[in-house]
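Notes follow the structure.
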Amino acid sequence: MTPDNGAFATAAYVLAALVYAGYVVSLTLRERRLRQRLARLDSPSRPPSNRPAGA
Amino acid sequence: MTSAQEPITPPPARRDLLLGVAIVAVAAVYVRALAFTPIEARQGAAQKILYIHATAAFIALYVAFALMAIASILYLWLKDEKLDRVAESAAEVGLAFTTVVLVTGPLWGKTIWGAWWTWDARLTSTLFLWFIIVAYSLLRGAVEERGRRARYSAVLGILAALLVPFIHLSVYLFRTLHPMPILLKPSAPSMPAEMQVTFFSAFAAFLLLFAALLRSRYRIATLRDLVANRDQELAA
């Protein structure tokens, strides 16, 4: 007799989707943050450095 | 030439078509596997976990960590930063796929063995590899100097990849609960044709997802190095 364990399969598919989706979100956020930081560094209106002159 | 002086071109910011295609392909595989693939008579619907568990394992072990090892070896030889970024990206994406293996495996094991986990050779060595790749990621975050970070992580990456053949052969070398390969073996696959179609479709879809994630992660590594270069230029 075929066992009734569909809930385990569904749970596995949902968990796998959550891992992949979470990773995609993490990559998207990291890339966005880096692009914003790079844009700030390249911006001509960047505030002057706090480093002492000659340092 | 130091790492920081290497010119880096910023990757263009645009919608990731490959990732979009991969997500659609994976969604199609989910529908086919859950709704249109027959249920195995003895194991029941839980056998369908194979399509996401085994494909994730194949891609993590034989694609991601193999790529990490090859890129690491080539980095130690050629000292090209791009190779270090490839190794780093393959390791992290491989870690995500291995996480899927370790999350879905116990759900299948519980239905078949009656236990969520058993400390047999295949499961334990896969978990051990997962921890090594976590350590690899922590190492990369802990060493600031880029050349040294790349060297140390290349060595650790190569050592980690040495576990892959052991994991593959563990079911032959030891008495384990984990089943023998039903597809990746010298003889013909022991699986009905309809299930094979689902399995190989899943493999293709997840391979596409791997490629998209790898490309995305490589872009992040490039941007991070570019930001570090700009920071150094400003500090000079």
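Brief remarks on what is shown
- Residue tally, condition of a type in the set (G, A, S), more than 8 Å from chain B (Cβ to nearest Cβ) and under 22 Å from the mean Cα position of the chain (by Cα), over the range A:1-24: 2
- A single member of B:Q47, B:Q43 is in contact with a strand residue (DSSP E or B) (Cβ under 9 Å, 6 or more places away or on another chain) and of a type outside the set (F, W, Y), and it is B:Q47.
- Output for the range B:152-176, where each listed residue is surrounded by 14 or more Cβ atoms within 10 Å (Cβ to Cβ) and in a loop (DSSP other than H, G, I, E, B): B:T176
- If the condition is being more than 14 Å from chain A (Cβ to nearest Cβ) and in a helix (DSSP H, G or I), then the range B:98-133 contributes B:A121, B:R122, B:L123, B:T124, B:S125, B:T126, B:L127, B:F128, B:L129, B:F131, B:I132.
- Identity of the residue in the range B:183-202, more than 14 Å from chain A (Cβ to nearest Cβ) and not in a loop (DSSP other than H, G, I, E, B), that ends up surrounded by the fewest Cβ atoms within 10 Å (Cβ to Cβ): B:A193
- Only one of B:L213, B:L208 that is at pLDDT 95 or above, within 30 Å of B:A33 (Cα to Cα) and within 11 Å of chain A (Cβ to nearest Cβ): B:L213
- Any hit, the range B:95-106, residues being more than 25 Å from A:A17 (Cβ to Cβ) and aliphatic (A, V, I, L, M): no
- 2 or more residues within 11 Å of another protein chain (Cβ to nearest Cβ): qualifying helices (runs of 4 or more DSSP H) within the range B:1-94: B:17-35, B:50-58
- Test: residue in the range B:63-83 that is within 16 Å of B:A202 (Cα to Cα) and hydrophobic (A, V, I, L, M, F, W, C): yes
- Residue match in the range B:195-217 (condition: touching a residue at least 12 places away in the same chain (Cβ under 8 Å) and in contact with a His (Cβ under 6 Å, 6 or more places away or on another chain)): no
- Residue check, B:E144 outside any helix (DSSP H, G or I), acidic (D, E) and away from every other protein chain (no Cβ under 14 Å): yes
- Top-ranked residue of the range A:4-55 - restricted to ones that are part of a loop (DSSP other than H, G, I, E, B) and either at pLDDT 95 or above or of a type in the set (A, V, I, L, M) (or both), ranked as surrounded by the fewest Cβ atoms within 10 Å (Cβ to Cβ): A:A53
The values are calculated or read from the model by the stated rules, or taken from the named source; none is laboratory data. Bear in mind that the values here come from a model prediction, so they are computed numbers and not experimental data. We place every Cβ from the backbone using ideal geometry, glycine too, and count neighbours over all the protein chains shown.
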